[in-house]
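Please see the structure below; I have some questions.
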Amino acid sequence: MKHFLLLAGLTVASLTIQSESASAQSPSSASVDAPAKFLGYQIGEHFTPHYRVLAYAEQVARQLPKRIKLIPYGTTYEGRQLMVVAIGSEENINRLEEIRTNNLKRIGLMDGNPTAATQPPIAWLSYNVHGNEAVSSETFMDVLYRLLSSSDAVSQKIINTTVVILDPGLNPDGHDRYVNWYNQMLGRTPDPTPSAREHSEPWPGGRYTHYLFDPNRDWAWQTQEITQQRMALYQQWMPHLHGDFHEMGVESPYYFAPSAKPYHEDITPFQRKFQQTIGDYCSRYFDKNGWLYYTRERFDLFYPSYGDTYPTYNGAIGMTFEQGGSGRAGLAIEKADGDTLTLRQRIDHHVASSIATLESVADRPAEIVKEFGQFFDKSRNTPIGAYKSYVIKSNGDAGRLKALQQLLERNKISYGYSGKAQTVATGFNYTTQKNDKNVSVAADDIVISAYQPKSTLLKILFEQNSALEDSATYDITAWSLPYAFGLQTYGLAARINPGSTQPAAVTSSTSTTATSRPYAYLVRWQSLPAVQMLAGLLKQKIRVRAAEKPFDVENKTFPSGTLIVTRAGNERFGERLDALVRAEATKTGADLTPVQTGFVSKGSDFGSDFVTGLKAPRVGVVIGEGTPPPSAGEVWHFFDQELNYPIALIDGNTLGNVQWNKLDVLILPTNYNYGRYLTEKNLSSIREWVRAGGKLIALERAASFLAGKDGFNLKEKEDKGKDKSKDKSSMLDSLKLYIDRERTAIADDIPGSIYRVDVDTSHPLGFGLSGGYYSLVQNAYNFDFLKDGWNVGYFKTNNYVAGFSGKNAKEKLKNTLVMGVQELGRGSVVYLADDPLFRGFWYNGKLLFGNAVFMVGN
Ligand SMILES: [Zn+2]
């Protein structure tokens, strides 16, 4: 590709590391193609599509089969191959499976005794988790070539001591979204002018997965197909070190460990020390080349679902690398200081930190393996944290339990069942946040013991409030699973050992014989499977109704929201109805109860007006420029993947063309362009449509946008804070140091904290939430209670549970509406101040969102 030659002229600082590797020859290297020979252009002259990156790895594997092994691990949603390569000495590659299984046996994640052979450390480098940080996949090819072709002492040392696993691209859909776009924008030579269109990546950008999730917030939750497949492989290897390669803004030079504060309190002294070691090794390479870098700023080690923290909480040394560039930089971009940053330079920096990191492992293989082993020994024998076991009450909802179990299994956290009724002297009750005496544990309650290899991860995912040593963090500060799942949980100081078999009581109640011919089927409305079942039934045009009030039938009590499928109204399905309903229950795991009568002993009979028919709504979501892509992506993913229910994605620019009579529900996620999209004309069409029976669901900033607008009853409270500036103490507060400006700003901040919501569970928006609902709060909103409408969820003065909330933010969140419904004509407007689908991991939010879509306004 000759037209790239001019660019090569821009790479003035062709560096030591590069020239060394290019000239290096070893007996084995003669047969390995350099990337340039294979690709037809020098690395850095062009962005390489994912399939070509993999093809290069395959070429190298053909040429040096004894030193590299390709390990395909799945396919992306858009059909692209996922693969890692393992490289090492001939001897290690030959016994790779033994190395892998020995590692698992040594840390207790596989039964059996390891063989006597020496355990080499496993160092895993992940490239390009954010698709438009495309420098990383190019880096992969250079690192692979350098390690396998070079006879220099460093490469030899790494190969001979360490098993290196390289993932060329964790998010190929995002990578190709960026690369295909960029290559279309490019003329004969790259244009470094920052305002040139090749530096303005269009919405949604390649950073995200197919469904617009941020894949580097998903390591623990594993909601995305790429994460699920990769983590299954990760658990089979359990590397000793994991490096995650990123890019940041063009003007920032380079970042490597040590990380910024806060560090999570459970990061071990050795892991902390190794942050420094990585810094020592990387800085040596960067100093030699005269490159700028920084450490200890911006990127912290706290939130457990990143590519550095997750491995750290799994015993590894974990770190992030950040190069200046990302989706804006292209092949070359002029920076503010007038210098031009080229792709080649960005690659060189990532190659250097990759090699430096591997070298830091290769210099102390025995120490790393020993420390890793000790981490797991301690986990199994003297686990950290106040709680030595956790009890999760089954309370009859198999759906929530199953979802939690799946999350535990994906993270290889082992659990079991109590197996017998027992009483424990004392336990911390997550719901009341107090210690209870005489906690009774039922046979079918889940028991998780802290005495297990994944103990640290368990402790961190369950901790009620994570200790924050410094409040200037980058992400949410609370994630405690009992609140996310809405599961009644106890933390016990006592050790209880779970039994492994599931007591019969937990099995679902759908076991009634298929031959019985009930009067109706009832589905308890208590968690996601019920929503999935409703969506499945409505899609098949099966008539479903919901009980507005609790009722008793055949000696069982059913809560409000219970779905009722009667033969009456579904005559056209004839005898097929039973099979269809049962199939949906089996598929979704919803709790199905067949009954022989519609005559209730308490509540309303099935033919009553209080039993409302549910419509199959035609749903749309506003998407496109101005939306933080995950905000819209979460809604899309929820309908498409979790409910398998149709949703129209409507570009904000085309709101003026919507045929409103073809839509029943419109969802507005946060979008910063509503000023443009929701013009007076469009808002007036929306109001008319709601009055005629439509339902508008406004999330987060969309709710704030509607507040105070004509026809919408939501109001923001007047800012009483202003008067306070007169009193002396807050005058003193305002004396702040310039150097502290980042920290001072966070008094208004709430990066993501857990608050308990007071819920009116008699309203359809609150159905099924009687076990309590906790919201993950990320904005300090302050809405007045609706004067004309239903205040379904709200905070009073004492609803804070966990996480960091700046003091001004905490004040604002007192006496505020969180979830509200306004009736407007025949339709309704649902206001949700928080995002119940945040990152797809707030399990209880899925039921709440299901209420908003299917239950409200019928
Ligand atoms: Zn990134």
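The values are calculated or read from the model by the stated rules, or taken from the named source; none is laboratory data. Bear in mind the structure is a predicted one, so any value in this text is a computation, not a measurement. Glycine gets a Cβ as well: all are built from the backbone with ideal geometry, and neighbour counts include every protein chain shown. For accessibility, only protein heavy atoms count, side chains too; no ligands or nucleic acids. Shrake-Rupley method; radii C 1.70, N 1.55, O 1.52, S 1.80 Å.
From the P(r) of the stretch 156-281, could you give the percentage of C-alpha pairs in the tail past 19 Å?
Numbers: 5209 of 7875 pairs.
Tail of the P(r) past 19 Å holds 66 percent of the pairs.
Here's a follow-up. Tabulate in residue order the Karplus-calculated ³J(HN,Hα) for the stretch 419-431, using 6.51 cos²θ - 1.76 cosθ + 1.60 with θ = phi - 60°, rounded to whole Hz; enter x for Gly and Pro.
Listing the rounded values in order: x, 8, 6, 8, 10, 10, 3, 8, x, 7, 8, 4, 5 Hz.
Can you compute 3J(HN,Hα) from phi for each residue in the stretch 31-42, using the Karplus curve 6.51 cos²θ - 1.76 cosθ + 1.60 with θ = phi - 60°, rounded to whole Hz and x for Gly and Pro?
9, 9, 5, 5, x, 4, 5, 6, 7, x, 8, 5
Moving on to the next point. For the stretch 293-375, what is the charge dipole size about the Cα centre, in debye to the nearest 20, if Lys and Arg each add +1 at the Cβ and Asp and Glu each add -1 at the Cβ?
Here the size comes out at about 160 debye.
So for the chain, what are the equivalent ellipsoid semi-axes in whole Å, largest first, each being the square root of 5 times an eigenvalue of the Cα gyration tensor? Don't jump to the answer; show the numbers that get you there.
Values: eigenvalues 449, 214, 152 Å².
Values for the chain, descending: 47, 33, 28 Å.
Calculate, in nm to one decimal, what Arg676 and Arg298 gain on full extension: separation in residues at 0.36 nm each, minus their alpha carbon distance.
Values: separation 378, 0.36 × 378 = 136.08 nm, distance 3.31 nm.
Here the segment from Arg676 to Arg298 would lengthen by 132.8 nm.
Expressed as a whole number of Å, what is the distance separating the alpha-carbon centroids of the stretch 251-283 and the stretch 664-700?
Here the answer is 46 Å between Cα centres.
Could I ask something else about it? Would you mind getting me the FRET efficiency between Ala386 and Asp640? Use the beta-carbon distance for r and R0 = 35 Å, nearest 0.05.
So the FRET efficiency works out to roughly 0.30.
Hey, another quick one. As I understand it, the dipole of the chain uses +1 on the Cβ of Lys and Arg and -1 on the Cβ of Asp and Glu, about the Cα centre. Which of Ala478, Leu64, Leu592 lies farthest toward its positive end?
Most positive-ward Cα: Leu592.
Once all Cα-Cα distances of the stretch 323-388 are split into 5 Å bins that start at 0, what whole-number percent is in each one?
The percentages, shortest bin first, are 3, 13, 14, 11, 9, 9, 9, 10, 9, 7, 4, 1.
Considering only protein heavy atoms, with the full assembly of protein chains and a 1.4 angstrom probe, order Asp710, Asp591 by accessible area, largest first. Could you put the intermediate results ahead of the total?
Numbers: Asp710 110, Asp591 35 Å².
Ranking Asp710, Asp591 by accessible area, largest first, yields Asp710, Asp591.
Kirkwood hydrodynamic radius (Cα pairs, Å) of the stretch 742-810?
Taking the inverse mean of 1/r over all distinct Cα pairs, the stretch 742-810 comes out at 13.1 Å.
Using Cα pairs under 8 angstrom and six or more residues apart, how large is the relative contact order of the chain, in percent? Let's see the in-between values first.
Details: 1871 pairs, mean separation 87.4, N = 858.
Answer for the chain is 10 percent.
Below 8 Å between Cα atoms, with a sequence gap of 6+, how large is the relative contact order for the stretch 363-499 in percent? Let's see the in-between values first.
Details: 233 pairs, mean separation 51.5, N = 137.
Relative contact order for the stretch 363-499 comes out at 38 percent.
Per residue, how many Å² of accessible area does the stretch 127-166 show with a 1.4 Å probe?
Working: 540 Å² over 40 residues.
Result: 14 Å² per residue.
Could I ask something else about it? Tell me the Kirkwood hydrodynamic radius of the stretch 242-360 in angstroms, computed as one over the mean inverse distance between distinct C-alpha pairs. Don't jump to the answer; show the numbers that get you there.
Values: mean 1/r = 0.0687 Å⁻¹.
Result for the stretch 242-360 stands at 14.6 Å.
Next question. Could you please state how large a percent of the accessible area of the stretch 92-135 is carbon and sulfur, counting protein chains only and using a 1.4 Å probe? Display every interim value, and only then the final one.
On the way: 630 of 1500 Å².
Using a 1.4 Å probe with all protein chains present, the stretch 92-135 comes out at 42 percent carbon and sulfur.
Moving on. Quick one: what does P(r) look like for the stretch 539-668 with 10 Å bins over all Cα pairs, in whole %?
Distribution as computed: 11, 31, 29, 20, 8, 1 percent.
Still on this structure, I have one more. Normalised by the number of residues in the stretch 564-687, what is the relative contact order in percent for Cα pairs under 8 Å and 6+ residues apart? List each step's numbers first, then the result.
Details: 102 pairs, mean separation 29.9, N = 124.
It rounds to 24 percent for the stretch 564-687.
Also, quick follow-up: Could you check how much of the accessible area of the stretch 230-385 is carbon and sulfur, as a whole percent, using a 1.4 Å probe? Display every interim value, and only then the final one.
On the way: 2160 of 4490 Å².
Here it works out to 48 percent.
Another question about this same structure. So what is the accessible area of the stretch 512-570 per residue, in Å², with the probe set to 1.4 Å?
Details: 2230 Å² over 59 residues.
That works out to 38 Å² for each residue.
Still on this structure: Whose amide H sits under 5 Å from the amide H of Thr426, counting only residues 5 or more places off or on another chain, with H placed in the peptide plane?
Asn438, Val439
Counting Lys +1, Arg +1, Asp -1, Glu -1, what net charge surrounds Ala421 among other residues with beta carbon under 11 Å of its beta carbon? Could you put the intermediate results ahead of the total?
Details: positive: Lys420; negative: Asp444, Asp445.
Summing Lys and Arg as +1 and Asp and Glu as -1 gives -1.
Dipole size in debye (nearest 20) for the chain around its Cα centre, Lys and Arg Cβ +1, Asp and Glu Cβ -1?
Values: 91 positive and 90 negative charges, 361 e Å.
The calculated dipole for the chain is roughly 1740 debye.
Before I look further, what does the stretch 640-719 give for accessible area per residue, probe 1.4 Å, in whole square angstrom?
Values: 3630 Å² over 80 residues.
Ligands and nucleic acids excluded, the result is 45 Å² per residue.
Could you give the length gained on full extension between Arg576 and Phe270, defined as 0.36 nm per residue of separation minus the Cα-Cα distance, in nm?
103.9 nm
Just to check I understand the Karplus step: with θ = phi - 60° and J = 6.51 cos²θ - 1.76 cosθ + 1.60, what whole-Hz values come out for the stretch 139-156, glycine and proline as x?
Rounded to whole hertz, the list is 4, 3, 5, 5, 5, 4, 4, 4, 5, 9, 9, 8, 9, 5, 4, 5, 4, 4.
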